[in-house]
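Here is the structure we will look at.
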Amino acid sequence: METTILEKTTMLSETLKKIKRPELKDILKIQQGIIRATHEFMHKKDVVQLMPIMLSAITDPLNHSVVDASINYADQKWSLTKSMIFHKQLALINPSLDAIYIVSPNVRLESKDRAGTGRHLFEFTQVDFEFKRKDKEFVMAFMEELIAFVFDSLNKQLPEIIIKLRGELLPVFKKLITYRTEELEAELGEDYEFKKSKESLEPFWLVNHKREFYDKEDMSKPGTFLNYDIIWPEGYGEGLSGAEREYEYTQILKRMEETGTNKEVFKDYLSVAKQEGFIPTAGAGFGVERMTRYICQLKDVDEVTVFSRKPYSELMF
Ligand code: ASN
């Protein structure tokens, strides 16, 4: 359907209204504070920064379907990066790298039904990190320390803004409670993640999700997985996901079959697994805009961005 001149004028004025919002600077200062404290924390912990890539021969298959975002270039198909999960595993083949992170733009062309969730953008940034020969417990403790460090830095550096937005300084959480997906589902039913988020006042871990092939199966309890998400409280929902990774060729193949992953797409990745061998790693990634949204207590994650990236947004630019 074609856009009428009147609709176009309304879209433009709504777009300009979003750009001119008086609260925008405070939100951006908080987001900048998150990134700045994260860099400082990673530096302190000797986690090495890689630059992001935007086009990849293979990218995250994700656990839900999105509209394809790919181009042809030099006789090859290149996908816009959905996450750098495989590049984290590949980079850690380098013997001198043990811990890496990336401030990584991700493009996920979400379907229209995700426009109203308040949590989805079709383009966002995640801080993605991965450690060689570390496990779930290590990454969970690392992330808890990172959140405490970032929140404490924001309280120290931007107290007036935090108080203006939240009425008080940020709580500094220590150890977060852990729930298992199957237990919450039994207690709360299908929508357990959102329900638990809504009734909680503190962020919590949710472990054992059934999802992409690269999250490691717990061989002491086959059919369960060594993955972990952070769920922001008060209904803000998922803010981080991560896992120990499958690294053995036969197990990767088995998990690809179980998850219905197209092996042809991943043939070069599989060759590396077979010939070179991946190293055991564990990691995670947190959504920068989602953390900003939680800290600023915003209704929709799209309020964090200058330019609307809500799925099927009608705003311009
Ligand atoms: N960054 C996530 C991870 O490390 C993957 C994702 O974004 N889907 O597990």
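Annotations for the structure displayed:
- Under the condition of being small (Gly, Ala, Ser) and under 28 Å from residue 297 (Cα atoms), the residues counted in the stretch 206-236 number 1.
- Of the criteria (1) more than 22 Å from residue 279 (Cβ to Cβ); (2) free of Cβ contacts under 8 Å to residues at least 40 places away in the same chain, which one residue 59 fails: (1)
Condition check ((1) hydroxyl-bearing (Ser, Thr, Tyr); (2) in contact with a Pro (Cβ under 7 Å, 6 or more places away or on another chain); (3) open to solvent by 40 Å² or more (accessible area, probe 1.4 Å)) across all residues:
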position	(1), (2), (3)
221	no, no, yes
246	no, no, no
261	yes, yes, no
265	no, no, yes
275	no, no, yes
279	no, no, no
282	no, no, no
286	no, no, no
289	no, no, no
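- Wholly within the stretch 55-151, strands (runs of 3 or more DSSP E) carrying at least 1 residues that are charged (D, E, K, R), surrounded by 14 or more Cβ atoms within 10 Å (Cβ to Cβ) and within 16 Å of the ligand (Cβ to nearest atom): 123-132
- Residues of the stretch 194-207 that turn out to be open to solvent by 10 Å² or more (accessible area, probe 1.4 Å) and in contact with a helix residue (DSSP H, G or I) (Cβ under 7 Å, 6 or more places away or on another chain), as a count: 2
- Taking the stretch 159-172 as the range and being more than 18 Å from residue 230 (Cβ to Cβ), among the aliphatic types (A, V, I, L, M) and surrounded by fewer than 20 Cβ atoms within 10 Å (Cβ to Cβ) as the test, the residues that pass are 161, 163, 165, 169.
The values are calculated or read from the model by the stated rules, or taken from the named source; none is laboratory data. The structure presented is a predicted model; accordingly, all values stated were derived computationally and were not measured. Virtual Cβ from ideal backbone geometry, glycine too; neighbours counted across all protein chains shown. These accessible areas exclude ligands, DNA and RNA; they are computed on the full protein's heavy atoms, side chains included. Shrake-Rupley method; radii C 1.70, N 1.55, O 1.52, S 1.80 Å.
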